[in-house]
Structures are given as C-alpha cells and as structure tokens.
1. Do you know which residues across segment 1-25 are buried (at least 18 other Cβ atoms within 10 Å of the Cβ) and not aromatic (Phe, Trp, Tyr)?
2. Mind checking whether some residue in segment 292-307 is over 30 Å from Gln355 (Cβ atoms) and either in the same structural domain as Ala61 (by TED's automatic domain parsing) or at pLDDT 95 or above (or both)?
3. For segment 287-296, give me each residue that is surrounded by 24 or more Cβ atoms within 10 Å (Cβ to Cβ) and away from the ligand (no atom under 16 Å from the Cβ).
4. Can you tell me which residue within segment 109-153, out of those that are part of a loop (DSSP other than H, G, I, E, B) and open to solvent by less than 10 Å² (accessible area, probe 1.4 Å), is farthest from the ligand (Cβ to nearest atom)?
5. May I ask you to say which residue of Ala176, Ala183, Ala259, Ala218 is away from the ligand (no atom under 11 Å from the Cβ), open to solvent by 70 Å² or more (accessible area, probe 1.4 Å) and small (Gly, Ala, Ser)?
6. Mind listing whichever residues of segment 297-315 are out of contact with any strand residue (DSSP E or B) (no Cβ under 7 Å at 6 or more places or on another chain) and within 16 Å of the ligand (Cβ to nearest atom)?
7. Which one is farthest from Pro252 (Cα to Cα), of the residues in segment 26-46 that are surrounded by 23 or more Cβ atoms within 10 Å (Cβ to Cβ) and aliphatic (A, V, I, L, M)?
8. Among (1) surrounded by fewer than 20 Cβ atoms within 10 Å (Cβ to Cβ); (2) more than 30 Å from Glu323 (Cβ to Cβ); (3) away from the ligand (no atom under 16 Å from the Cβ), where does Arg246 come up short?
Amino acid sequence: MDHFQYQSGALCAERVAIADIARAVGTPFYVYSSATLTRHYQVFQEALAGMDHLICYAMKANSNQAVLRLMANLGAGMDVVSGGEYARAIAAGVPGERIVFSGVGKTADEMRMALAGGVRQFNVESEPELLALDAVAREMGLCAPITIRVNPDVDAKTHAKIATGKSENKFGIPIARAREAYAQAAALEGVKVVGIDVHIGSQLTELAPYEAAFTKVAELCELLRADGHDIRRLDLGGGLGIPYERSNSLPPLPLDYGAVVRRTLGHLGCEIEIEPGRLIAGNAGLLVAGVTYVKQGEGRNFLILDAAMNDLLRPAMYDAYHEIIPVVEPEAGVETRPIDIVGPVCETGDTFARQRAMPPLAAGDLVAFRTAGAYGAVMASEYNTRPMIPEVLVQGDQFAVVRARPSLEEIINRDSIPLWLA
Ligand code: LLP
C-alpha cells in the first residue's frame, strides 16, 4: 500500500499535488511519503509482535538522512555496509547500539570508526575478517560483538545479481564450516560471539527459501549452543520482495514472513533482528520526470524524458520493471498506445520501458515512476554530467526538499587540473 493516489485527477503524495512539487523544485526529482515509510515499518513490527526483535532498516535502499531520522524516530535500528553509511546513520541521530555493520569487505578503518562510535554488532563474513576485527578491537582495548554470517546454500529464486545465499556467492561462511569459525572466534580476545547472521538475497517473492534457510540456522543454533557458544541473537537479513508490476501475483506479506520466523526459530528464545530495505522504502517513493519530446521513429515512437539511467539505474541494470503513470489522471476509457520510454543519455541501455501502453502524452507533461523509493536515488550517478536530482519528503500537506539539486558549478569545481597542464 502507498500514499500516491489521484485526487480530483491530480497525482498526489499524501495531500500534496505532485505538480506543485514539480513547480517548486523542477524535474526530475524523487519524492517520498512519510506515511508509507511509517506504515511499512509498522507492518514489520506487527509481523514480529510478541518476539523480542529489532528492525534494522537496510539503509542501502534509501539513505537520505531525513528518511533515516524518520526511521530512527520510530525506533528502528540500521543495517550499514560501509563507513559512509555508518557516518550517515550517526549523523541522522541513530544511536550506535542500534547499528548493525554488515558487508563482505569491511576495512580496518571502517571497523575502527564503528568501534569508536558504538555498534550493536559486526556481521562477520570470513575468517580473515574475523582476525582483522580481533586485531583492531584489541588495539583499541575493546571487544567487538559479532555474529558470523553463514551462507546456507539456498536458492533465493530471485535475479542472479541480487541472490546472495548460494555457495557460489561471495557472501558469508559456508554453513558447513560454521562450527570451526565459531570455535576460532571464541578463542579470540577482541571479539565476542552474540549470534548468527544470514541473508539470502533481495526481492524474494516466495517464502520457501526463507523457510529452508531459517531451518538450517535453527539447527546450527542448537549445535553452537551445545558447543558452548552464547547464541542469543539471530539476524535474518532482509530481502522480502514487493510488487513492481500490478499484473504479477503479490509477493508474500510481512505477516506471513513473521509466521515463518516464529515457526522455524521461535522456540530458540533468541532476539530476532531483520534488515528490510526495499519493503520499507520501495513503494514509499516516486521518481517524477518531465516529457522533453515525443519522437516518431521507424515503426515505433519514443517518449523522451528528462530523467535517465543515471537517475534510476534499475531498468538498465536488472531489466527491472517500474510502473510509469501520468501525473494528470487520464480520462476513463482513453486509448493507450505502445511507446518506448527513454532518457537522454547516449546509450541504448538508457531505456526505461519498451512498447509500454501509455495514454497520449505531450512535451511538458509529467510522468511518475512508481516503486522508486528503494535503490533509486542511492544508485544514481552524475554520468553525462547530469546533476543528481533533488529528493523531497512529504508529510501530510507539507513537503520539504531533503536533498537539493547541486549547481553545475559545484560539480565542475570538484575536479582539479594539475599544474603541469595549466
Ligand atoms: N541485508 C543485507 C546484508 C543485504 O545485502 C541487503 C541487500 C539487505 C539486507 C536488504 O535487502 P532488501 O530488503 O532491500 O531486499 N540494488 C538492487 C538490490 C540490492 C540488494 C543488496 N542487498 C536492486 O535495485 O534491486
């Protein structure tokens, strides 16, 4: 569910007309709904109600500090995967004890930063990382709380680029080697084992892979406890999918996901952590673009937008589908025609949709990409020296620019020309 609906024929974010935001900030831009973000957080709270748990929002999905502050105010923790994300979470007011540090290649500097600022736990992904963290923590006179991320060798049945739980993926320690790794960790003074971590992939549209992975984690938990480890926390990662395409069947609901967690892991009495990103932010955001030209090609027409692959990379990178709707509601029964929807970047990959049925649109009209709140702005670049587009947060009838469009000057001045070329 989201809060982007037509009201009297005008697409709105909560109670703000998208066209009004466009007039104020110019296109293209991202807009996020506070009500949708809040609702998605609460849906997970309800799904895990009665179990000791913490929702650690995977901020890689959308790390605007206004979004982080909103999440933190609701009581969320954060899942971070870099020193940059850690610093951003702290700057947004998230306490260190609610920050989980994930990632396959944490550097010693990143470990130092998180240990100094406070961290809930590191999710360790390899034996060399375990040794590195032990060394850093001891050098600081500290002891780092850790889980070990295990790779359960489960097929998440999602896009190959975002599946992470098969043995051929770079993530985690093979579950078969987990007992050795935990024994190694227990012997180190600079780390303290607090739990187990698993994350099998993103945009999962079935519960069976979760069921399989969590069952393996439950077995491992019992084995590790029998080995004498104090396993009291299970981090289950994120990955629950969302509906991008209306005609597709709906992905499982958080409530049903919660039931799987309860059924497979409830008896262990552990604190549960989950790291949802996409489900919290995805449907809470739109990318709004203007139509620059309608171009007639040979046998097909093109809707050329002022947004491009550098603003929303998902279609070019994963052939991802995003629903694209006009900001002015089309009249009932209006005829749609297939058209290719593209950006201005100089490569054919800069195509958002091929032969998409659209109502008539003209230069100057606005369109909105739905489900663009996750992995949209965060994956943007300045390719073609296109400034990163503004982000706007709506709450009720108010909106605020939460990241401004940089000037061309700011971008140009970031480079410097060496003296020998002067
Ligand atoms: N935890 C870990 C360790 C992760 O690697 C991820 C996502 C998450 C949590 C959050 O997963 P989510 O709930 O958002 O599915 N750029 C891609 C998605 C990459 C996901 C990477 N890891 C896309 O646009 O589809």
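The values are calculated or read from the model by the stated rules, or taken from the named source; none is laboratory data. Predicted, not measured: the structure shown is a model, and the values here were computed from it. Cβ coordinates were reconstructed from backbone atoms using ideal geometry, including for glycine residues, and neighbour counts include every protein chain displayed. Protein only, heavy atoms only, side chains kept; ligands, DNA and RNA dropped before computing areas. Shrake-Rupley method; radii C 1.70, N 1.55, O 1.52, S 1.80 Å.
1. Asp2, His3, Leu11, Cys12, Ala13, Glu14, Val16, Ile18, Ile21, Ala22, Val25
2. no
3. Val288, Ala289
4. Pro152
5. Only one candidate passes the filter, namely Ala176.
6. Met309, Asn310, Leu313, Arg314
7. Of everything passing the filter in segment 26-46, Val31 is farthest from Pro252 (Cα to Cα).
8. Failing condition for Arg246: (2).
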